[in-house]
Structures are given as structure tokens and as C-alpha cells.
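J.: Sharing a structure with you now.
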Amino acid sequence: MLKKLYKHEFYSLFRSMIAVYIAIVGLALLGKVSFLISGDGVLASILQSSTTVLYIIGVAAMFVVGFVIVVVRFYKNLLSKEGYLTFTLPFKPVQHLNCKLMCGATVIVCNFVVLILSLLIFFVGTDAFDTLIESIREGYHMVTQIYESWQIALVIAEFVVILIISLLQSLVMPYAAMSVGQRFKSKIGGAVLAYIIMYAAVETVDSVVMVVSMPFNNFITDMMSNHPYGFFVTVLLLGILYSAAVSVVMYCIAKKQLTKHLNLE
């Protein structure tokens, strides 16, 4: 039964995003063609510049549209009049929340996959792409001479984990804000106010951390200079713990509001 919930959520999200993905790939192909058939004239330069600008705008729009669709889907499906039907289904509020998080995160990950695919279409076969590949090879060769395989694997693993947690944090914060906002007379206004307060709270914590760390600047500089690997691994680990803590707090807020204080009036 839970599989049907995820299937319906994926369908609701991706039926809007498929057209966007096709458009991005189409813009990448258009840009590729403009560079293949171009010459050295003014018209060729204008064509290349125009297709590149259109592609960049399209990519930016893809991420904005994807995020908006995910957030609006959460609000409409759980906190609007549609919520009356949603919460009659045999699922707990926390299951709905988990479904929205997982499916929303999948949409954003797919945005990055489409971005990488479109970049390959756009740049494969160009001098810029060949230069990039060569730079990556040289960088990899240099890193493997300095560090052991397990050290490289540890950094990659930490980097992947912090990306995943940061992605979830970017979704769970607006979810929490909307869950709190539905208790206000103006749900949208309450959600915006709640998000501003949450964002300000996180920024305040960031500022406090920066101030507290200032007396240790000399120690931090020494670590960066003498133990760059250990410093980088430690910073990534602290980033993971901090982002995870923020995400857990926001998740608990959203869970409590949906479970204990749901207001669909």
C-alpha cells in the first residue's frame, strides 16, 4: 500500500517536470548545433551567444520550477482542502512527510542528472570539454600520488553524505515552515513568517559559531597549512553533523505540526 503512495507522488511531480527536462535537452542540442554549424562571422557569434544564454536561463528555470513544484505539491496535498482526502488514506502523517521528502529530493537529484546530461550534449567534442577532461585526469593523478585510496574514498563519502543531508535540509525547512503556517489565519503568510524566523535562527547559530571560532583562528590556520587533509575531513564531518542537526529539528517541527496540530479549516 505504501508503494502506491510513492508511485502517486512520483507521478504527480514528474508529470510536470518531464516537459521541462525535454526542453533542457532540446536547448542543449540547439546549442550544440549552433556551435557545429557556426563560422567566424557576426551572425555565428550572435547565434552561439543566444543559444548559450537560452540554455543557461533554461537550466536556472529548471531548478526554480522543480523546487516550486515540490513545495507547492506539499502544501496543496497536505495543507489545503485536498488534505481532507489525503489524511483519510490509511497512512500516518509521518509517512506522508517521509514520502514528500524522498520524492522531492528525487526530483532535485534528477534535475542535476539532466543538467549533467545536457552539459555533455552541449560540450562533448569541443576544446573546452577536452581541456576539462585533461584537467580532471591530471588532478586525479596528483591526488592519488599524495593520498591513499582509503583517504580519497573517505573524502568522497563525506562529500556525498553532506550533499544528501543539505538537499534534505533545503526541503524540510520549507515543509516545517508551511506546517507551522497552517495554524495561522493566513496560512501562506504564516508559512512565510515561520520560514523567515527559522532562517534567521539558523543564520544566528551560524554567526555564533563564527564568533566562537574566532579565538582559534591561529590554530585553524596552522591546521590548514600543516594538516590539510585532516582539516578538510574534519570540516566536512562537522558540516555533516551541523546540517543533520538542523534537518532533524526541522523534521521534528513538521512532524509534530502534522501529527498534533493539523488545521485544515
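J.: Between LEU120 and ALA201, with labels modelled 7 Å along Cα→Cβ, what's the label distance in nm to one decimal, could you check?
T.: 4.2 nm
J.: Given the protein chains as shown and a 1.4 Å probe, how many square angstrom of MET224 are accessible, to the nearest 10?
T.: 100 Å²
J.: Given points 7 Å out from each Cα along the Cα-Cβ axis, report the GLN145 to LEU237 separation in nanometres with one decimal.
T.: 2.9 nm
J.: Among all helices in the chain defined by DSSP H, which have a length of 24 Å or more along the axis from Cα atoms plus a Kyte-Doolittle mean of at least -1.0?
T.: Helix filter hits for the chain: 2-36, 42-74, 93-123, 127-146, 149-181, 187-213, 228-260.
J.: Separate question: Out of the stretch 122-203, which GluC sites (Glu not before Pro) are coil in DSSP terms and have no more than 15 other C-beta atoms within 10 Å?
T.: Here the sparse-neighbourhood loop sites are GLU148.
J.: Out of LEU5, LEU43, ILE69, whose Cα points farthest toward the positive end of the dipole of the stretch 3-85 (charges: +1 Lys, Arg; -1 Asp, Glu; placed on Cβ)?
T.: Final value for the positive-end residue is LEU5.
J.: Okay, next question. Just read off the accessible area of HIS261 with the full protein assembly in place, 1.4 Å probe, to the nearest 10 Å².
T.: The accessible area comes out at roughly 60 Å².
J.: How much length is gained if the chain between ILE164 and LEU89 is pulled fully straight, taking 0.36 nm per residue apart and subtracting their Cα-Cα distance, in nm to one decimal?
T.: Contour length minus the Cα-Cα distance gives 24.1 nm.
J.: For the chain, what is the accessible area per residue in Å², given a 1.4 Å probe and the full set of protein chains?
T.: Dividing the accessible area of the chain by its residue count gives 61 Å².
J.: With a 1.4 Å probe and all protein chains kept in place, how do PHE112, PHE231, PHE74 rank by accessible area, largest first?
T.: These residues rank, largest area first, as PHE112, PHE231, PHE74.
J.: Separate question: Out of these labelled values of Cα extents along the principal axes in Å, (i) 63, 36, 32; (ii) 63, 53, 36; (iii) 62, 40, 34, which was calculated from the coordinates shown here?
T.: So the structure-derived entry is (ii).
J.: Same structure again: In the chain, carbon and sulfur make up what percent of the accessible area (probe 1.4 Å)?
T.: Here carbon and sulfur together make up 74 percent of the probe-accessible area.
J.: In the full protein assembly as shown, how much of ARG15 is accessible to a 1.4 Å probe, in Å² to the nearest 10?
T.: Looks like 150 Å² after rounding.
J.: By the scheme Lys and Arg +1, Asp and Glu -1, what is the net charge of all other residues having a beta-carbon under 14 Å from that of GLY230?
T.: -3
J.: For a Förster distance of 35 Å, can you work out the FRET efficiency between the beta-carbons of LEU132 and ASN226, rounded to the nearest 0.05?
T.: With R0 = 35 Å, the Cβ-Cβ based efficiency is 0.65.
The values are calculated or read from the model by the stated rules, or taken from the named source; none is laboratory data. What you are looking at is a predicted structure, and each value in this text was computed from that prediction instead of being measured. As a convention, Cβ positions derive from the backbone with ideal geometry for all residues, glycine included, and neighbour counts pool all protein chains shown. Just so you know, the surface numbers come from the protein's heavy atoms only, side chains and all, with ligands and any DNA or RNA stripped out. Shrake-Rupley method; radii C 1.70, N 1.55, O 1.52, S 1.80 Å.
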